[in-house]
Amino acid sequence: MKGRSVMQSTAFQCILTLLILVGTRAYGESNPAAITVGVMHLAHGDFVTGELKDCDQSDRLRWQSPAFTTPFEFALGSIHSIRFPNREGLPKSMGDFCFELAGGDLLFGSLIGLDTHEAEIDLPPLGKIHLLRDHLRRLSRWRDGDSLIFLGPNGLAGWDESPHQGAWREEAGHIVTDVAGTSIHGRLGIPARAAMELEFSWTKKPNFILALGVDDTASNLEDAFRLEVWGQDLVAVLETDGEADLAALQKIEVGPGRIHLRAYLDIEHNRFLVFSEAGKQLADLYSSEKPGQPLGSGIRLMNQQGDVRLEKIYISRWNGVLPREVQQARSRIDRTDRSALYGEIKEFDSATKQFVLAAEAKQSRIAIDDIETIAFVVPDHSGSRTLRAILQNGARLSGRLTKVDAGRLFLECPGITERVGIPISELSALSFLESDEPIFSDSGRHGRVELEGIRLNGYLVDGLSQDNASCLVWQPRGSFVSSPIQHGVSGRIVYREPVPPPPVRAVRIQQRRQQLGIFGLLFSPPTENSPQMAPLQRSLHLRSGDTIPCEVKQIDERGLYFKTPVSDTTFVSHDRIKAVELAPSNRSIKINKEERARLLTLPRIQKDNPPTHLIRSANGDCLRCRIIAMDDQTCTAEVRLDNKQLRRDCIAWIVWLHDDELDPVKSQDPSDQASPTRVQAVRSNGIRLTLVTEQLAGSILSGTSPVLGACRIGLEEVDQLLIGGAIDQAATELAAHQWKLHHARPPRFVSTDNTDGGHGHHIPGTESALVGHPAPDFQLDLLDGGTFKLSDCKGTVIVLDFWTTWCGPCIQSMPAIDRIVREYEDRGVRFIAVNLQETPELIASTLKRLNLETTVALDQEGIVAEKYGATAIPHTVIIDSDGTIARLYIGGGPQLGDHLRDAFRDIFGK
Amino acid sequence: MNAFVTKQLRNGSQITPLCNLFPKGRRQGEGEESEEVIIESFLICTASWIRLTIQLACILFAVSSAATGVAQFPNARQGEMVPRDVREMYDRGMQYLAKTQTESGEWTGGEQGPGVTGMGLMVFLASGEDPNFGRYSLHVRRALRSIISTQDAATGYLGNSMYHHGFGMLALAEAYGAVDDRNLWPAGEGKNKRSIGEALELAVRAAITSQNKNPLGAWRYSPESTDADTSVSGAVLVGLLAARNAGIEVPDASIDKAISYYTSMTSDSGQVAYSGGLSGFDESLARISIASLVYSVARRKDLPQYKATLNYLVQRLEMPPQQWQEYTYYYQAQALFQGDVAAWEKWNKRLVRQLKKSQQKDGSFTSQHGTNIGTSLCLLALAVNYRILPIYER
């Protein structure tokens, strides 16, 4: 019970976010407010995301998971609870009255009528109901919950566990633990003056601390208003630095028990009062010390030993009025003036809005506005209930399920005349009260399917792949029916958990390396003194994660030729291969992290021509190269553009290094969405095989392998079946797939971004020695007539671009400069294109071709270019309004536009 | 001009240009635009072209053997061992250039002019397709007409800058002797209807005139420039060397002056400065390759600067260009091929892999200089595999 609940609670927290996303996208598009997707927690600890579907049978719920094509039908006895995401903010329950029912249920609404037999109530989300009088325990003025701060606990949502997650669980909206030394904190917004109603229960003997008015640090419990179990007593404690006050509230006996208290806090005046449910004052604690800073507005419940269940916590603003002691054995009316009237409530006169009270042969009428609470003496009704519904507004209602129809869940509730139809969109949780799980006859190998938001124990039944359904048909435990997994789903079916690899002892071979040199060592046969070899494993590792036992015959420019006992196929192309194991390698020789990182770092010089393979010798050395060909004797590999002949019998394994591993494409094509389901069978001996599945019949899964063609897999031999995207994810975690090249980090001077590894901030265009110096003055004739003199332009930001018509990069960058300068024209930026030594006719025709109206200055002698160090063009200079060179860019290029904008932002301050 | 009827080989002997070996009956009627007819007769002509090529190769072999005792076997220039990847890439690239060439023979849509046209022209010439009757003969003629049309009749200057002049001159030199220019122009009087030889000779004069005005003995963007850089100078000097190899008279003093400029710009390490030493010796594989190439083609492998530049390149076969990638490939291919064939073979493997990845679906290559130049430069870097262009001759 404990274990399963821990898992339920963890699972819920993990998938809550996902659930909201899924729900909004897949199910709530037409009405985002009406989220109907929830998580069903099963009695044996499984969970499954989905939504309720119509069902006219009272012994089951039809639950449609987005990962399956058809709904499951779970027996009520198999279900523990269903949680739906709560709406943002605290639940707001509307109504004149809060109705407390005999079975512990709670409703909010308006009283329409009341007589000696029944009450007629209007409940906003549910409609009108008739409630038998002997099921109505209390009726309190609610006033749309205007003084309500919190009503809960509503399960674990909004509560933080510490020190470890999973110690607390939720049952029927309550929060429960039997783990010693754990606590839970809720930020409930306790006001400076608060009235609280608290209800706890336990099954053995409790030993807990409840701290009121604390923050989320566990260190300030001693300063809080506390309820604590001290041996046989429950006590209220108020401590300050110099004073302590406490009062025993009640005895705690061994065995099941409960406590129902009202607490009043005046944080500003350090006063703490506790009353029994009947209004008897149990404690009035006070400290004369001036309180320090308020500790917080939350509560913390710490379980020191035993078990504890928080059933109810109701926090409202306290108006300073204290309760009075009352007689609980008699029906009574508590009036707003704090007086109590005892007698029999005869009726509610809806016309006059008055209650009629009969006492001592006398009837009196009390106006509704004068009433605070009406308490009825009623028998205890356990009734026949299969589930309890907790609504988004905090109401609770329990009863027998009759059906789910048209978006409503229908219950027959003890004491309520009508069948109550609760809109599914109003549900916060369903808690199932029957624990008898039916026994199903089953067949097939038992396993566990794990998909996004789903964990279901069960087994696969026969199936055939169809357009909208895979051949993986899952029969979960607790469901009357099975359902096929959808195409495009990612996850796994686990039959046996994989065994972690044994640790490897590292051995150094430095001495031998020194004797033979790198090449000598790499391609010399293993010596007799070599450390013991691992068992022979010749296999082919594909990029998909497939691991196929094989003997490699040959490698050529097309791919690899092999022979495998599992298929007649003999060829696989390079783009599919990740590694091959050719001979036993000395697995005890381990490459440490630094060596490995160095081995996989691609120098900048090889950026355009990266090695395509990494060879590891039987002796543990590694060589990066490009394999040109390999036969049964020799491997021809290109090493730094030189061809080398290697002895094949010295090669232990070869890893393929692919370009796309070096620069992975960020957006992956979600090809699984439309294509038939891929499944990778994983066996305990490490063999993995991917199939596009077609059929499952009699424990034989058949389909087509992209490499080996038609294949069949017996489920009995399989540890796991990976499904869809999980195959690719699992592949990335395999040992061979860790061998991927990465680019060497560029040095600062060639880095194109603005980071240099935390050693400073590089600003493009500031490298030139001219930057920061006054711009040399000059005067040039303009193409369109007139002259341009730089010193006349003080107060204006000038962009000079030295160019010629024959300079391709100039022609590419000039329109971009012109466009960007125009964006800043109104801020006083001017662009002067300084042409070098060309004729006006040629310049004019080029401008016309480029459709530019740029101002061109004619540097016929190249003198200005020399002043600005323009030895290569395009040469672009930004001169700020003070006449100082702010930036200087050489070579144009696609980044120039961004650099100019950055420079203008710097110059203009934003 | 009769001066161009025979060519002077570099070893001093003379040879009749290829165009004069065509049978008389194949010549098109004077004054007619004859390209359509040529294409129709492609199948017949191809056999003849092969035969004639062999004849020419035999003559070349005989002449040069007699003179120096050293010659290349015909198959060394026929690209028989050209890898399939190269052939496929080259064909796709040529199809792109053929498709994007304008009616008037240029490539537009970015940098344009005789230099760009010259690059495209050399791609066709380097492919091994018959420039007179092959499938791209129309494009060859259009490109030649375009280059010659832009030439200043008085100065011989080819277009927008000395870059264009250099590449345009190089293309004319490579076409000279290979393209039959008797039917290059439509019939009738017209402006600038020079033959390839006339245009080339004029261009050579323009380059030498510009050089003579330049105190550094080299070139920069404008023919009137008084400073120089090793990039523009490379374009012009390689053009001059190609013209000299094609039989045009280029004064030794001119070549020597330009080579001196390069030696003055080459550091002991092999790095080559850009312009007047102003920008220092940064690591430009393009400039190092240019210098190494001009030393090779000028037959100055004796220079320590040559050895330094070649060594620099050979030691860095894996190094990717920092910028101007395609421009670098273009020169690096030739420099390595001229300097160290084994090193070129290694480097070429990398180039082929690299270009195979970067070629676009339409056969083009993008570059910082635009797609047309990028495509031409990449294909010309690959064209060393064919070894057909005379400038690639070792």
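Here are some notes:
- Set side by side, the residues B:TYR331, B:TYR312 differ, and just one is surrounded by 24 or more Cβ atoms within 10 Å (Cβ to Cβ) and assigned to a helix (DSSP H, G or I), which is B:TYR331.
- A:THR846 at pLDDT below 90 and in a helix (DSSP H, G or I): yes
- Filter result (surrounded by 22 or more Cβ atoms within 10 Å (Cβ to Cβ) and farther than 12 Å from A:ILE313 by Cα) within region A:209-220: A:ALA211, A:GLY213, A:VAL214
- Failed item in (1) exposed (fewer than 14 other Cβ atoms within 10 Å of the Cβ); (2) at pLDDT 90 or above, with A:ASN685 passing the rest: (2)
- Filtering region A:838-867 to residues that are buried (at least 18 other Cβ atoms within 10 Å of the Cβ) and within 12 Å of another protein chain (Cβ to nearest Cβ) leaves A:GLU838, A:ILE843, A:THR846, A:ASP859, A:GLY862, A:ALA865.
- Applying the condition of being within 12 Å of B:ASN192 (Cα to Cα) and within 14 Å of chain A (Cβ to nearest Cβ) to region B:143-157 and asking which residue is farthest from the chain's Cα centre (by Cα) yields B:ASP152.
- Extreme residue, nearest to the other protein chains (Cβ to nearest Cβ), among residues of region B:197-241 that are among the β-branched types (Val, Ile, Thr) and under 15 Å from the mean Cα position of the chain (by Cα): B:VAL232
- Scanning region B:349-380 for residues that are crowded, with 20+ Cβ neighbours inside 10 Å, within 14 Å of chain A (Cβ to nearest Cβ) and assigned to a helix (DSSP H, G or I) yields B:LEU351, B:LEU355, B:ASN372, B:ILE373, B:GLY374, B:THR375, B:SER376, B:LEU377, B:CYS378.
- Considered as a group, the residues in region A:884-910 that are modelled with pLDDT under 90, under 18 Å from A:PHE802 (Cα atoms) and touching a helix residue (DSSP H, G or I) at 6+ places or on another chain (Cβ under 9 Å) include one that is farthest from the other protein chains (Cβ to nearest Cβ), and that residue is A:GLY897.
- Residue satisfying condition, being touching a strand residue (DSSP E or B) at 6+ places or on another chain (Cβ under 8 Å), surrounded by fewer than 15 Cβ atoms within 10 Å (Cβ to Cβ), more than 14 Å from every other protein chain (Cβ to nearest Cβ) and under 30 Å from B:ARG316 (Cβ atoms), within set A:THR570, A:THR634: A:THR634
- Residue in region A:818-840 that is of a type outside the set (D, E, K, R), in contact (Cβ under 8 Å) with a residue 40 or more places away in the chain, touching a helix residue (DSSP H, G or I) at 6+ places or on another chain (Cβ under 6 Å) and in a loop (DSSP other than H, G, I, E, B) present: yes
- Selection within region A:849-876 - under 57 Å from the mean Cα position of the chain (by Cα), part of a loop (DSSP other than H, G, I, E, B) and free of Cβ contacts under 8 Å to residues at least 60 places away in the same chain: A:ASN851, A:LEU852, A:GLU853, A:THR854, A:THR871, A:ALA872
- Of the residues in region A:730-753, none is assigned to a loop (DSSP other than H, G, I, E, B), crowded, with 19+ Cβ neighbours inside 10 Å and either at pLDDT below 90 or not hydrophobic (A, V, I, L, M, F, W, C) (or both).
- Test: residue in region B:257-278 that is surrounded by fewer than 20 Cβ atoms within 10 Å (Cβ to Cβ), assigned to a loop (DSSP other than H, G, I, E, B) and on the phi > 0 side of the Ramachandran plot: yes
- Identity of the residue in region A:688-713, in contact (Cβ under 8 Å) with a residue 12 or more places away in the chain, surrounded by fewer than 23 Cβ atoms within 10 Å (Cβ to Cβ) and in contact with a Lys or Arg (Cβ under 7 Å, 6 or more places away or on another chain), that ends up nearest to A:ILE577 (Cα to Cα): A:VAL707
- Filtering region A:792-829 to residues that are away from every other protein chain (no Cβ under 14 Å), over 48 Å from the mean Cα position of the chain (by Cα) and not basic (Lys, Arg) leaves A:ASP792, A:CYS793, A:GLY795, A:THR796, A:VAL797, A:ILE798, A:VAL799, A:LEU800, A:ASP801, A:GLY828, A:VAL829.
- Residue count, region B:381-394 (criterion: part of a loop (DSSP other than H, G, I, E, B) and of a type outside the set (Ser, Thr, Tyr)): 7
- Every residue from region A:46-85 that is in contact (Cβ under 8 Å) with a residue 60 or more places away in the chain and among the small types (Gly, Ala, Ser): A:SER58, A:SER65, A:ALA67, A:ALA75, A:GLY77, A:SER78, A:SER81
The values are calculated or read from the model by the stated rules, or taken from the named source; none is laboratory data. Please read these numbers as outputs of a predicted model, since none were measured by experiment. In this analysis, Cβ positions are derived from the backbone assuming ideal geometry, glycine residues included, and neighbour counts consider all displayed protein chains.
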